[in-house]
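The values are calculated or read from the model by the stated rules, or taken from the named source; none is laboratory data. Note that the coordinates shown come from a computational prediction; the quantities given were computed from them, not determined experimentally. Don't worry about glycine lacking a Cβ; one is built from the backbone with ideal geometry, like all the others, and counts go over all protein chains shown. Ligands, DNA and RNA are excluded from the accessible area calculation, which covers all protein heavy atoms including side chains. Shrake-Rupley method; radii C 1.70, N 1.55, O 1.52, S 1.80 Å.
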Amino acid sequence: MISREERTPLSEWWWTVDRLQLAAIIALMLAGIILSLAASPPVAVRIGLDPFHFFNHHVMFLAPAFMVMIAVSFLSPQQIRRSALIVFAVSITLIAVTLLIGPEVKGSRRWITLLGVNIQASESAKPAFVVLAAWLFAESTKRPEMPATSMALVLLLTLVSLLVMEPDFGQTMLISMVWGVLFFIAGMRMVWVMGLAGVASAGLFIAYLLVPHVAGRIQRFMNPASGDTFQVDTALEAFYNGGWFGLGPGEGIAKRSLPDSHTDFVFAVAAEEFGIVLCLILLSLFAFIVIRALSRAYATEDMFARFAASGLAVLFGVQAAINMSVNLQLIPAKGMTLPFISYGGSSIVSLAYGVGMMLALTRHRPRTEMESISDANALRSYA
């Protein structure tokens, strides 16, 4: 038992953190273990690996990810800003190095191997970018004379430029959407938001004209007869096969032929083996985490915490929505992991870092800590 009367870091964390939100995140992690065990063995066998290769790696990455989430949730807002600045700088450097020496896979350079571990630096850049952008937008509301909005735009263009060079248009779209949401909730005029939406639409149209695989995916989505739609067709068929309660654990058919059944299409495997009921439960967990984070974010008076927690919640929710929408053929196919469910070391650890910051920023801060934050802000403004 952790007493409220004990003034220790652990007791203060336990009584101020959103325990319901933490429980929902842990439930997603446990569901990820079960679904990794269900979806990954056929993929591993197909490429000549041990049947439990991907499952073992999933669990191996999940353990440090959980520790990262808990450790980060202890941080103060100042510490979160500092950590985000360091993580973003390291991630940008790694993305640049990946573009120079990273191996080319399917026409893209997204991965680099360090100390025997494959790292996708764009994954860790996402939550750090959201926090830094939120910091700049919060400063713009307090000090209009500071060019914080322009700095946030430079930050966006820097990251987007590197992602386009990889190329990774899915991450580019996700980052741009979250930045636009932050720009909107920071109180910017609607005309600027609409202008940015127009710029994003123009960028997508240019990508359609100049990048063959982007054009191919959009064309296959609009007209399935125009190309190979095996994966999305098989995924959609899995939902029909599973029905409400599924075929049973291990009885799925789609995972035997889907190349990405353990990553991009794990949601379809869940539907076939455990039914639409489980999919609705997963959807409810994602929705609960996002709505809970947004509600607690708007209950705080600290503008940075409000913007950063909201941006991280939107990032988490939109990524999940993109993955599930692809599985249901609601949007063109795009490789995007389902948070804590899909296999992927970089993705799991980066998501844990992001939700850890979200938990930290939505804590009910003790009065003494909030007063120290206000004093620090006052001193900075005076200086």
Exercise. Tell me, which residue of the stretch 216-243 that is modelled with pLDDT of 80 or more and among the small types (Gly, Ala, Ser) is most open to solvent (accessible area, probe 1.4 Å)?
Worked result: GLY243
For this session: Quickly run through the stretch 248-265 and pick out the residues that are in contact (Cβ under 8 Å) with a residue 24 or more places away in the chain and among the aliphatic types (A, V, I, L, M).
Result: LEU258
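Say whether the condition of being modelled with pLDDT under 75, open to solvent by 20 Å² or more (accessible area, probe 1.4 Å) and not charged (D, E, K, R) is met by at least one residue in the stretch 172-190.
Restricting attention to the stretch 172-190, the residues satisfying the condition of being modelled with pLDDT under 75 are 188-190.
If we keep only those that are open to solvent by 20 Å² or more (accessible area, probe 1.4 Å) as well, we get 188-190.
Imposing the further condition that a residue be not charged (D, E, K, R) reduces the set to 188, 190.
Yes, there is a match, as at least one residue in the stretch 172-190 is modelled with pLDDT under 75, open to solvent by 20 Å² or more (accessible area, probe 1.4 Å) and not charged (D, E, K, R).
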For this session: Enumerate the pairs (first residue in the stretch 151-166 and over 14 Å from PHE88 (Cα atoms); second residue anywhere and outside any helix (DSSP H, G or I) and open to solvent by less than 70 Å² (accessible area, probe 1.4 Å)) with beta-carbon separation below 9 Å, excluding pairs fewer than 6 apart on the same chain, so at least 6 apart or on different chains.
Result: GLU166/GLY102; GLU166/SER108; GLU166/ARG110
For this session: Output the residues belonging to the stretch 114-133 that are farther than 19 Å from THR337 by Cβ and open to solvent by 60 Å² or more (accessible area, probe 1.4 Å).
Result: LEU114, LEU115, GLY116
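So which residues in the stretch 253-306 are among the basic types (Lys, Arg) and open to solvent by 40 Å² or more (accessible area, probe 1.4 Å)? Can you show your working first?
The initial filter retains those residues of the stretch 253-306 that are among the basic types (Lys, Arg), namely 255-256, 292, 296, 306.
ARG256, ARG292, ARG306, listed by residue number.
Taking only the stretch 274-328 into account, find how many residues are within 19 Å of GLY180 (Cα to Cα) and either in a helix (DSSP H, G or I) or modelled with pLDDT of 95 or more (or both).
The first filter runs over the stretch 274-328 and keeps only residues within 19 Å of GLY180 (Cα to Cα), leaving 290-291, 293-294, 297-298, 303-322.
Narrowing the set further to residues that are either in a helix (DSSP H, G or I) or modelled with pLDDT of 95 or more (or both) leaves 290-291, 293-294, 297, 303-322.
Within the stretch 274-328, residues that are within 19 Å of GLY180 (Cα to Cα) and either in a helix (DSSP H, G or I) or modelled with pLDDT of 95 or more (or both) number 25.
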Problem set entry | Residue within the stretch 96-103 that is open to solvent by 10 Å² or more (accessible area, probe 1.4 Å) and among the polar types (S, T, N, Q) present | no
